[in-house]
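Undergrad: One structure, as structure tokens, below. Some questions next.
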Amino acid sequence: MATVDQIRTALEGVMDPELHRNLVELGMVRDIALDGAAVTVTLALTTIACPLKDQIAADVKNTVGALAGIDSVQVELTEMTAEEKQRIGLGAAPERIGTAEANNNIRHVIAVMSGKGGVGKSLVSGLLALALRRQGHQVGILDADITGPSIPKMFLPDGAHLEPSPSGPTPPQTRTGIRVMSINLILEKEDTAVIWRGPLISGAIKQFWGDLYWGELDYLIIDLPPGTSDASLTVMQSLPISGVVLVTSPQGLAGMVVRKAASMARQLEKPILGLIENMSYFECPDTGKRHDIFGPSHAEQTARDIGAPFLGRLPIDPEIAKLCDTGRLEQYPPGPFESIISELAVHLPKP
Ligand SMILES: Nc1ncnc2c1ncn2[C@@H]1O[C@H](COP(=O)(O)OP(=O)(O)OP(=O)(O)O)[C@@H](O)[C@H]1O
Ligand SMILES: [Mg+2]
């Protein structure tokens, strides 16, 4: 029956394929938890986006799984601290830490949030960025949806990637000059599933903020994942949010969960700039008649309940879905969203 010490010794035989040093020597083995014949090894990787993490995890499983009396091996991944990275000669030297962040000048950070999935947060983030860009502002979008990123698909051609700069990697620009960062830009294939626990997700979002050179921005729009979980909490607590835009849809459940999101924003003392209702209605192109596909709107009532301005309604528009799916959102003609933006602009802090 293998002991924790024997497992650690066995891990001295597993090399980091890039650094060519063993995991124990590198200080990557955070924890070994042995429960009968089941062992969980927690590894701290040098970067949350390590492209070799699957290989390292597989090597650990094979090596530890081969020991006597071990039936199952689980590998959990987390990230090294800046100090740990420096100790093994990686990461920025102390004077370089935070250089990108120090050189960034981001005037306002606006988070787009909803308690519910699929109501159109990403679309609203994209359209908000687009409308602000059309008004002549410098705009960026940080896709904080690490497990379900959808911003690059709306804006960027395949193969878009970060560009090097003296102050750190720079997010690529869309056709009209919006800077976009998303986990998809650093994954080898865009359909690779990211299965990470909260701390890793939070780490990625913080790096998107602090380790990238965004330059001068009037507005950075943050597209949050659904819910009020780790990613939302990290964004609300770690980034200097100027305000939150809430998105809902006419379904009753959406109203209830948007109230949760509003309550989170309030608890964290972030101003709610307003509520947008998406997929409110469908206007039949033949007859011009409006149909309430998801039922009657409750948005004004919801806005009153949460004490936030109601900004307006977005219709269901098959054309917009098509443009989103083909990376051409910027070709969407100024439409109903412009009036919402002017409404929102009243509440936005001025750059
Ligand atoms: N008003 C609309 N008209 C037509 N299609 C829409 C509209 N709003 C959103 N969609 C489509 O619905 C889908 C979900 O929208 P979106 O990804 O913006 O939602 P989300 O709230 O960000 O979802 P998630 O919770 O998964 O992040 C997308 O395919 C999008 O193109
Ligand atoms: Mg989304």
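Undergrad: Averaged over all directions, how much area does the convex hull of the C-alpha atoms of region 180-316 cover when projected, in nm²?
TA: Taking a quarter of the hull surface, the average projection is 10.8 nm².
Undergrad: A further question on this structure: Within 10 Å of each residue's Cβ, count the other Cβ atoms and sort MET154, MET236 from fewest upward.
TA: In increasing order of surrounding Cβ atoms, one gets MET236, MET154.
Undergrad: List every residue whose amide H lies under 5 Å from the amide H of GLU76, counting only residues 5 or more places away in sequence or on a different chain, with H placed 1.01 Å from N in the peptide plane.
TA: Amide H neighbours of GLU76: VAL41, THR42, LEU43.
Undergrad: Another question about this same structure. Measuring from a point 7 Å past the Cα of THR9 along Cα-to-C-beta, which residues in region 45-84 have an amide N at less than 20 Å?
TA: Residues 60-71 fall inside that zone.
Undergrad: Right, next: Read phi for every residue in region 160-166 and hand back ³J(HN,Hα) as whole Hz from Karplus 6.51 cos²θ - 1.76 cosθ + 1.60, θ = phi - 60°, with x for Gly and Pro.
TA: 5, 8, 5, 9, x, 8, x
Undergrad: How high is the FRET efficiency between ASP31 and ARG175 when r is their beta carbon distance and R₀ equals 41 Å, given to the nearest 0.05?
TA: For R0 = 41 Å, the calculated efficiency reads 0.30.
Undergrad: Next question. If neighbour count is taken as other Cβ atoms inside 10 Å, put VAL247, VAL75 in order from fewest to most.
TA: By the 10 Å Cβ count, ascending, the order reads VAL75, VAL247.
Undergrad: Taking 2.2 N^0.38 Å as the expected size of a compact globular protein, what ratio does the Cα radius of gyration of the chain give against it, to two decimals?
TA: Compared with the compact-globule rule of thumb, the chain sits at 1.12.
Undergrad: Also: Once amide H atoms are placed 1.01 Å from N in the peptide plane, what residues at a sequence separation of 5 or more from ILE141, or on another chain, have their amide H within under 5 Å of its amide H?
TA: ARG179, VAL180, MET181, ILE221
Undergrad: If you take every DSSP beta bridge whose two residues both sit in region 4-91, what share of them, in percent to the nearest 5, is antiparallel?
TA: 45
Undergrad: With springs only between Cα atoms under 10 Å, which of THR176, THR234, THR78 fluctuates most in a Gaussian network model of the chain?
TA: Greatest mean-square fluctuation among the candidates belongs to THR176.
Undergrad: Across the chain, how many lysine pairs, 8 or more positions apart or on different chains, have C-alpha atoms separated by under 14 Å? Please give the number.
TA: Lysine pair count for the chain: 5.
Undergrad: Given a Förster radius of 35 Å and the C-beta distance between THR147 and GLU283 as r, what FRET efficiency does 1/(1 + (r/R0)^6) yield to the nearest 0.05?
TA: With a Förster radius of 35 Å, E is 0.55.
Undergrad: Please list, in order along region 216-230, the HN-Hα scalar couplings obtained from phi with the Karplus expression 6.51 cos²θ - 1.76 cosθ + 1.60 (θ = phi - 60°), rounded to whole Hz, x for Gly and Pro.
TA: Couplings: 8, 10, 7, 9, 10, 8, 10, 8, 8, x, x, x, 10, 8, 3 Hz.
Undergrad: Which percent, nearest 5, of DSSP beta bridges in region 216-351 are antiparallel?
TA: Within region 216-351, antiparallel bridges account for around 20 percent of the total.
Undergrad: Next up: At a Förster radius of 41 Å, what calculated FRET efficiency corresponds to the Cβ-Cβ distance of GLU18 and ILE293, to the nearest 0.05?
TA: Working from the Cβ atoms, E equals 0.20.
Undergrad: Here's a follow-up. Under 14 Å from a point 7 Å along the Cα-to-Cβ line of ASN62: which residues of region 1-35 have their amide N that close?
TA: Inside the label zone: 13-17.
Undergrad: Counting DSSP beta bridges in the chain, what percent are antiparallel, to the nearest 5?
TA: Counting only bridges with both partners in the chain, antiparallel ones make up about 25 percent.
Undergrad: Sticking with this one: What trypsin sites (Lys or Arg not before Pro) in region 164-228 are in a loop by DSSP, with at most 11 other Cβ atoms within 10 Å of the Cβ?
TA: Those satisfying the criteria are LYS189, ARG197.
Undergrad: Which GluC sites (Glu not before Pro) in region 183-247 pass both tests, a DSSP loop state and at most 10 other beta-carbon atoms within 10 Å?
TA: Counting only loop positions with at most 10 other Cβ atoms within 10 Å, the GluC sites (Glu not before Pro) in region 183-247 are GLU188.
Undergrad: Right, next: Got a sec? How would LEU253, LEU212 order by Cβ neighbour count within 10 Å, fewest to most?
TA: LEU253, LEU212
Undergrad: Given Cα pairs under 8 Å that are at least 6 residues apart, what percent is the relative contact order of region 100-347?
TA: Dividing the mean separation by the residue count of region 100-347 yields 26 percent.
Undergrad: If amide H atoms are built 1.01 Å from N in the plane of the peptide, which residues on other chains or at least 5 residues away come under 5 Å of the amide H of GLY243?
TA: Residues meeting the criterion, in which the H sits 1.01 Å from N, are VAL109, ALA111.
Read the figures in this text as sums done on the coordinates, not as results from a lab. Just so you know, these numbers come straight off a predicted model, no measurement behind them. Ideal geometry is used to build each Cβ from the backbone, glycine not excepted, and the neighbour counts take in all protein chains shown.
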